Amino acid sequence: MRSDLDGKIGDVQSSVTAVSAMVEVPLKKVATQNHYRSIRDTSTSFGSEGNGRVQFSYPYGITISNDGKVFIADAGNHRVKVTTLDGTYIRDIGKQGSGNTEFNTPTDVAVDDDGDLVVVDRDNKRLQVLHQDGSYVKTIGNAAIGDSYGVAALSLPQHGICYAVTNINDGCVRVFEKGGRQLNKFGTEGSGPGQFNKPVGIISSNGRLLVVDQSNHRIQVFTTDGNFITMFGSRGKSDGQFENPQFIAEDRHGHFLVTDFYNNRVQVFASDTFSHVATFGASSCLSRPYGIAVSPSGTVYVSDTSKHRITMF
């Protein structure tokens, strides 16, 4: 008798667990979307214009490591600045030059699965790979890499850690092994599917590469082999439209966040349908937003290039 009762209770508990599992993800998604919709213009910031410890000159790309360090491509100061999540100074990496661990207008930075940094050293036309303490690992590329802007670290079968880098003048994306060999190049100049007009930001997400196609005012989605999947966005000021989007980030719930440069805002999109979820920021708190990253706790970091600071939402 008791055994039958225990069995029935177990069945009920299993059913409750199954139902909870089914509703958990949608509830989390709704909560996250409501969070973004509630941000509006509420923000804090750190940094100011200059070349001091917590100062910037045109901060561009941002990334956050698993242990909570913020890495910022401080383009005008030709260095990568490292801070804590609250903006406390840790160190500067690099100085102006063309040698190892020197930069000429770095525009983006990413952290790979080894924990190493890869930095787009734009005007030296190369990528530099560094340990997080700033020590040199290797250089990838030469003049053939061209005017690159954004970089994404990814892992590919048979090749391990790789770097996908955008090139604004050639209208393409190049993929390199960490060892330096170029694996692939895709995209041409134009406005059709798979074509680019100044590709800038790029991220890797679930076997896809999402590329910010700046002057076509859209985001394009590809396989890691460079095959076109879809695209979203158009030119304008309405929700889901852009005026020169720049960089893109992904949060832990799979939402994509895009800096909408001339509209002085950030837009959020769903991971599955790429539909518009929320818009936040305004000229009162953002002026020419560029780089973007999201911490594990959900804080959004935006490089505010005109105000030479990092704004947090």
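The values are calculated or read from the model by the stated rules, or taken from the named source; none is laboratory data. If you're wondering where the values come from, they're calculated on a predicted model, not measured in any experiment. Every residue, glycine as well, gets a Cβ built from its backbone with ideal geometry; the counts of neighbours run over all protein chains shown. Surface areas here come from the heavy atoms of the whole protein model, side chains and all, with no ligands, DNA or RNA. Shrake-Rupley method; radii C 1.70, N 1.55, O 1.52, S 1.80 Å.
May I ask you to list the residues in segment 244-259 that are open to solvent by 30 Å² or more (accessible area, probe 1.4 Å) and of a type outside the set (Lys, Arg)? Of everything in segment 244-259, those that are open to solvent by 30 Å² or more (accessible area, probe 1.4 Å) and of a type outside the set (Lys, Arg) turn out to be GLU250, HIS253.
Pairing residues of segment 218-232 that are touching a residue at least 60 places away in the same chain (Cβ under 8 Å) with residues that are part of a strand (DSSP E or B) and open to solvent by 20 Å² or more (accessible area, probe 1.4 Å), at Cβ distances under 8 Å and at least 6 apart in sequence or on separate chains, gives THR224/LEU156; THR224/SER204; THR224/ARG208. Kindly check whether there is at least one residue in segment 93-109 that is modelled with pLDDT of 95 or more, open to solvent by 70 Å² or more (accessible area, probe 1.4 Å) and under 23 Å from PRO289 (Cβ atoms). Checked against the condition, which is being modelled with pLDDT of 95 or more, open to solvent by 70 Å² or more (accessible area, probe 1.4 Å) and under 23 Å from PRO289 (Cβ atoms), segment 93-109 yields no hits at all.
Pairs meeting the criteria (first residue in segment 93-114 and over 18 Å from ILE202 (Cβ atoms), second residue assigned to a strand (DSSP E or B) and open to solvent by 30 Å² or more (accessible area, probe 1.4 Å), beta carbons under 7 Å, at least 6 apart or on different chains) are ASN100/TYR136; THR101/TYR136; GLU102/GLN96; PHE103/GLN96; ASN104/GLN96.
Before we move on, is GLY226 within 24 Å of LYS185 (Cβ to Cβ), open to solvent by less than 20 Å² (accessible area, probe 1.4 Å) and at pLDDT 95 or above?
Details: within 24 Å of LYS185 (Cβ to Cβ): yes; open to solvent by less than 20 Å² (accessible area, probe 1.4 Å): yes; at pLDDT 95 or above: yes.
So GLY226 passes the test.
The set of residues in segment 42-63 that are among the aliphatic types (A, V, I, L, M) and in contact (Cβ under 8 Å) with a residue 40 or more places away in the chain contains only ILE62. Considering (1) in contact (Cβ under 8 Å) with a residue 40 or more places away in the chain; (2) surrounded by fewer than 19 Cβ atoms within 10 Å (Cβ to Cβ); (3) under 19 Å from PHE228 (Cα atoms); (4) of a type in the set (Gly, Ala, Ser), the lone condition that GLY180 does not fulfil carries the number (3). Answer yes or no as to whether PRO245 is in contact with a Lys or Arg (Cβ under 7 Å, 6 or more places away or on another chain) and farther than 14 Å from HIS35 by Cα. Taking the combined requirement at face value, the residue does not satisfy it. Tallying residues that are of a type in the set (Gly, Ala, Ser), assigned to a loop (DSSP other than H, G, I, E, B) and in contact with a strand residue (DSSP E or B) (Cβ under 7 Å, 6 or more places away or on another chain) within segment 141-182 yields 4.
Across segment 280-313, the qualifying residues are those that are open to solvent by 20 Å² or more (accessible area, probe 1.4 Å) and aliphatic (A, V, I, L, M), and the one among them that is farthest from THR84 (Cα to Cα) is ALA282. Can you name the condition, by its number, that LYS81 falls short on among (1) in contact (Cβ under 8 Å) with a residue 40 or more places away in the chain; (2) closer than 14 Å to VAL109 by Cα? Every listed condition holds for LYS81 apart from (1).
Name the residues in segment 260-279 that are assigned to a strand (DSSP E or B) and surrounded by 17 or more Cβ atoms within 10 Å (Cβ to Cβ), would you? Give the steps one after another, and end with the answer.
First pass over segment 260-279, keeping only residues assigned to a strand (DSSP E or B): 260, 265-269, 276-279.
Passing the criteria: ASP260, ARG265, VAL266, GLN267, VAL268, PHE269, VAL277, ALA278, THR279.
If I go through segment 280-298 residue by residue, how many of them are of a type in the set (Gly, Ala, Ser), in contact with a strand residue (DSSP E or B) (Cβ under 8 Å, 6 or more places away or on another chain), touching a residue at least 40 places away in the same chain (Cβ under 8 Å) and part of a loop (DSSP other than H, G, I, E, B)?
Step one: of segment 280-298, the residues of a type in the set (Gly, Ala, Ser) are 281-284, 287, 291, 293, 295, 297-298.
Those left that are additionally in contact with a strand residue (DSSP E or B) (Cβ under 8 Å, 6 or more places away or on another chain): 281-282, 287, 291, 293, 295.
With touching a residue at least 40 places away in the same chain (Cβ under 8 Å) added as a condition, the list becomes 281-282, 291, 293, 295.
Subsequent filtering for residues that are part of a loop (DSSP other than H, G, I, E, B) retains 281-282, 295.
Count: 3.
With respect to the conditions (1) touching a Leu at 6+ places or on another chain (Cβ under 9 Å); (2) surrounded by 14 or more Cβ atoms within 10 Å (Cβ to Cβ), GLY68 lacks only one, and its number is (2).
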